[in-house]
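Enquirer: First the structure, then my questions, so here it is.
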Amino acid sequence: MRFSSYVNTALLAAEKGASVLLKYYNSATLNVEYKGEIDPVTQADRNSQKEIINTIKNVFPQHGILAEEDEMNEMGKEYCWIIDPLDGTVNFVHGLPMFCVSIGLKFKDEIISGVIYSPIMKEVFVAEKNKGAWLNGERIRVSKTKNAIRALAVTGFPYYLKENSARVTRNFENIIFEVQGVRRLGSAALDMAYLACGRFDFFWEEGLKPWDIAAGTLIVKEAGGKISDYSGLDSSVFKDTMLAANGAEMHKTILQIINEKK
């Protein structure tokens with residue numbers, strides 16, 4: 001598959017960012033700080049982000065950047081790269097291999113390219129608008145599971161869980177009794193990538209940020225999945241709730257469960 005210069009730049013940037021992460025992974029030099037009580041940030045995050053931005057700006061100096069660390073926000077520009085230099089920081093800090101680099105490109109109001117790079121697993125997920133979704137060069141599609149009781153789901157918990165847990169715990173309890181199983185990987189980007197290639201059947205989460213899901217939303221859509229917010233409206237990377245499923249039937253079923261009050 002021949003991709004655009006946008007995707008090729010994202011691939012190069014993700015590779016360079018990931019190489020930074022690998023230098024710090026399981027290293028005694030890793031310094032952990034906290035943006036909140038349980039929300040860590042490390043020099044790996046920051047240095048990966050710098051490498052990613054420098055790579056993109058070398059090719060597209062006029063494009064904007066929205067990145068997780070250091071509050072970099074140039075959303076006003078027509079083209080804007082939405083970057084998570086390390087999605088799954090808690091996993092990374094604890095030496096778990098479930099982390100990745102996530103890079104999405106927004107043109108006006110839609111994501112047109114996305115790359116998720118999982119360096120330990122050596123998996124690169126790619127999507128470009130109207131060109132499908134790919135894993136290590138092979139076309140991927142969502143699963144065909146239609147019954148919730150046969151579904152393997154994945155979710156995550158927001159950092160504000162301790163302060164505002166009612167909806168989160170209600171949805172988790174409602175869903176877990178209706179499906180085959182639920183997993184919690186600790187990386188929304190990987191959750192969506194794994195949904196896109198059929199490993200999971202649906203994903204739901206709240207408290208999300210644009211950099212968590214920008215690349216993943218396009219990868220899921222291009223793999224044939226359906227995405228909305230909790231109200232059922234078309235999802236935007238700027239909404240903080242998301243339900244992504246392998247198709248309309250599963251999506252409808254889980255959306256009904258999410259909106260139950262029991």
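Enquirer: Sort through A133, A153, A127 and tell me the only one that's under 18 Å from the mean Cα position of the chain (by Cα), aliphatic (A, V, I, L, M) and in the same structural domain as D234 (by TED's automatic domain parsing).
Expert: A153
Enquirer: Looking only at region 101-136, which residues are touching a strand residue (DSSP E or B) at 6+ places or on another chain (Cβ under 8 Å), more than 16 Å from V237 (Cβ to Cβ) and surrounded by fewer than 17 Cβ atoms within 10 Å (Cβ to Cβ)?
Expert: Hits for region 101-136 are E123, G132, N136.
Enquirer: Within region 17-49, can you find the residues that are among the basic types (K, R) and surrounded by fewer than 16 Cβ atoms within 10 Å (Cβ to Cβ)?
Expert: Of everything in region 17-49, those that are among the basic types (K, R) and surrounded by fewer than 16 Cβ atoms within 10 Å (Cβ to Cβ) turn out to be K23, K35.
Enquirer: Would you point out the residue of region 1-16, among those that are in contact (Cβ under 8 Å) with a residue 24 or more places away in the chain and assigned to a loop (DSSP other than H, G, I, E, B), that is surrounded by the most Cβ atoms within 10 Å (Cβ to Cβ)?
Expert: My answer is F3.
Enquirer: For region 197-207, state whether one or more residues are under 14 Å from the mean Cα position of the chain (by Cα), touching a residue at least 60 places away in the same chain (Cβ under 8 Å) and not assigned by TED's automatic domain parsing to the domain that holds K35.
Expert: Taking every residue of region 197-207 in turn, at least one turns out to be under 14 Å from the mean Cα position of the chain (by Cα), touching a residue at least 60 places away in the same chain (Cβ under 8 Å) and not assigned by TED's automatic domain parsing to the domain that holds K35.
Enquirer: Looking only at region 43-57, decide whether some residue is hydroxyl-bearing (S, T, Y), in contact with a strand residue (DSSP E or B) (Cβ under 6 Å, 6 or more places away or on another chain) and assigned by TED's automatic domain parsing to the domain that holds A127.
Expert: yes
Enquirer: Something else about it: I need the full set of residues from region 123-162 which are without any contact (Cβ under 8 Å) to a residue 12 or more places away in the chain and closer than 16 Å to L11 by Cβ, in order please.
Expert: Listed by number, the list holds a single entry, E138.
Enquirer: Would you confirm whether any residue within region 136-154 is acidic (D, E) and either under 18 Å from M1 (Cβ atoms) or touching a Cys at 6+ places or on another chain (Cβ under 9 Å) (or both)?
Expert: yes
Enquirer: Looking at (1) at pLDDT 95 or above; (2) surrounded by fewer than 22 Cβ atoms within 10 Å (Cβ to Cβ); (3) not in a helix (DSSP H, G or I), find the lone condition where W204 falls short.
Expert: Here W204 meets the rest and fails (2).
Enquirer: Return the residue satisfying two criteria in turn: it lies in region 242-262 and is crowded, with 19+ Cβ neighbours inside 10 Å and within 19 Å of the chain's Cα centre (by Cα), and of such residues it is nearest to M192 (Cα to Cα).
Expert: A244
Enquirer: Would you mind finding the one in T253, T217, T241 that is touching a helix residue (DSSP H, G or I) at 6+ places or on another chain (Cβ under 9 Å), among the hydroxyl-bearing types (S, T, Y) and under 17 Å from K146 (Cα atoms)?
Expert: On inspection, the qualifying residue turns out to be T253.
Enquirer: Oh, and also: Among what's in region 152-190 and is in contact with a strand residue (DSSP E or B) (Cβ under 6 Å, 6 or more places away or on another chain) and of a type in the set (V, I, T), pick the residue that is surrounded by the most Cβ atoms within 10 Å (Cβ to Cβ).
Expert: Going through the qualifying residues, I end up with V154.
Enquirer: Another one. Working only within region 175-193, note down all residues that are of a type outside the set (A, V, I, L, M, F, W, C) and either more than 10 Å from the chain's Cα centre (by Cα) or at pLDDT below 95 (or both).
Expert: Within region 175-193, E178, Q180, G181, R183, R184, G186 qualify.
The values are calculated or read from the model by the stated rules, or taken from the named source; none is laboratory data. Fair warning: this is a prediction, and the values are worked out from it, not measured in the lab. For neighbour counting, all protein chains shown are included, and Cβ atoms are generated from backbone atoms with ideal geometry for every residue, glycine included.
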